[in-house]
Amino acid sequence: MEVLKRKANGISSTNGHGQKKKKKTKIIEEQDLESAYFQSEIAFHSTVTKMKVNALLNEVTLKENQRNEIDQFIEQISNELKSIPQGKIRELSTMSEWLGKFDIKIPLTFSKMNKPFQFIPPTVIEPIGSYTYDGLIVKSSNKISTIVDLLVEIPHICIHKKDYLNNEYIEKRAIYLCYLAKKLQYLLEFSHLNDTTLNQAVLIVKPNETSSFAIRILLAPEKDYFNEKRLLPTSSNLRWNWFNDIKDENEPFYPTPNYNSLVLFDCRYRETSDYLNKIFSSSNELLENDFLSSKCCALTDEKIDENSFIQDECVLIDQSGLLNVFHTLTRANYNRLKHEARISLNSFNDPVIDHFQTLFMTTMKPINSMDAIIQIFSLDKHEKLLEEKSNKNQLIMDNLNNKHYLLCQQVISLLEYGLKERISLLCPLPSVTQLTKTVSFLSLFFLHLHT
């Protein structure tokens with residue numbers, strides 16, 4: 001009777017269910033419409049960003065006329081260097097005084113110089129690095145904006161087969177670089193590779209004051225001249241008696257991984273450049289690798305003993321399996337790189353705000369991106385930090401008495417231990433002169449605090 005009554009009143013038992021179904025369908029349609037709008041907005045931002053990036057790449061890519069100008073200057077420099085006359089045999093101990101007559105200071109922070117040396121002009125000079133595979137970018141700046149690496153090979157007559165021992169090669173390469181500087185009549189400046197002070201000197205050559213590019217001269221021994229397996233991190237190539245000017249019959253032998261990498265880096269210039277050239281020539285994109293989560297990655301398929309590089313904080317083995325390309329990269333700077341990369345990637349996922357201007361067009365000094373700054377005016381007062389190290393002697397010799405570098409590492413560890421979870425990032429900056437006019441302090445540390 002109830003059912004008949006409902007029907008008589010025009011009410012069906014299924015009407016309520018139908019209304020609910022229509023309402024649910026309407027909600028789904030609204031959600032689909034919202035999702036489609038969201039996806040189209042992302043696609044629009046992605047397309048616009050891609051157009052902007054392509055326009056930016058076109059702007060910073062080296063133009064044909066710029067490349068011609070650089071090629072001409074490289075040829076000019078190469079001819080001048082090859083025409084340098086053969087030098088007399090001189091004692092390294094007298095080189096500092098002789099070069100001082102030409103207002104040239106030998107770019108070394110540690111040396112003993114007690115062997116003879118004769119300059120022989122180079123025969124192999126060639127550009128390497130990003131310039132060879134069109135990976136170079138041009139910055140909009142009044143300063144030097146384009147650096148082109150030029151490899152100059154030291155003839156084997158200038159160095160001995162075993163000059164990788166006791167800093168001999170490092171000293172002779174510095175003298176060789178001074179000979180090149182003596183010949184070249186351009187704007188010259190000695191610098192250090194990767195902004196280090198580990199005696200890996202390079203020569204920056206700029207055509208004139210208004211030039212937007214410069215040539216960075218890198219020196220290397222002849223290919224396969226040194227036995228590279230003698231330069232593994234576990235090898236000992238600095239002698240304790242030599243380092244301390246003593247004669248001890250019970251001379252200890254310490255592994256010298258830092259020093260070995262310094263020499264091996266020079267030996268691997270050409271091979272590493274050729275390898276990168278091959279990668280960029282065959283594909284526009286690098287193969288994906290889990291660089292962010294793994295401490296040890298490799299550019300070779302050969303079996304690698306990771307324990308050989310256990311003293312390094314970050315490891316990327318080159319194709320020879322002998323050299324850690326990331327040898328000078330500290331864990332703190334690696335974490336900063338990951339931090340900046342994460343921020344950049346997350347900004348691309350923001351469909352509301354266009355971060356292109358912030359990411360690619362706005363210049364920000366590191367000093368402005370941190371919450372706190374710690375300045376240490378003299379690390380000499382903190383040398384007791386090294387006294388606590390059981391391998392202090394090995395560390396000092398391996399770094400050629402560069403206590404500043406060692407103390408920086410100790411200070412970083414101390415700050416990380418003391419601050420712990422109160423900071424999210426700790427960044428040491430070695431080049432303090434670029435940040436402030438005050439040069440009386442030696443170290444600068446940036447802190448990014450947890451919020």
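The values are calculated or read from the model by the stated rules, or taken from the named source; none is laboratory data. Since this is a predicted model, take the numbers as computed values, not measurements. Cβ: placed from backbone, ideal geometry, glycine included. Neighbour counts: every protein chain shown. Accessible surface is based on the protein model in full, side chains and every heavy atom, while ligands, DNA and RNA are left aside. Shrake-Rupley method; radii C 1.70, N 1.55, O 1.52, S 1.80 Å.
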Next on the checklist: Between Glu189 and Asn401, what's the calculated FRET efficiency when r is the beta-carbon distance and R0 is 30 Å? Round to 0.05.
Outcome noted: 0.80
Item to check | Segments 56-63, 176-183 sorted - mean Cβ within 10 Å per residue, highest first | outcome: 176-183, 56-63
Checklist entry - Taking a 27 Å limit on the Cα-Cα distance, which of the listed pairs Lys112/Lys247; Lys338/Lys420; Lys278/Lys365 fall beyond it? => result Lys278/Lys365
Next on the checklist: Could you give the length gained by full extension between Val124 and Tyr275, i.e. 0.36 nm per residue of separation minus their alpha carbon distance, to one decimal place?
Outcome noted: 52.4 nm
Checklist entry - How many nm is it between the label spots at Met51 and Trp242, if each spot is 7 Å from the Cα in line with the beta carbon? => result 6.3
Next on the checklist: If I ignore ligands, DNA and RNA and count only protein heavy atoms, how much of Lys162 is accessible to a 1.4 Å probe, in Å² to the nearest 10?
Outcome noted: 120
Next on the checklist: Just to confirm my numbers, what's the Cα centroid distance between segment 200-238 and segment 48-113 in Å?
Outcome noted: 11
Next on the checklist: Could you tell me the calculated FRET efficiency between Lys162 and Lys88, based on Cβ-Cβ distance and R0 = 25 angstrom, to the nearest 0.05?
Outcome noted: 0.60
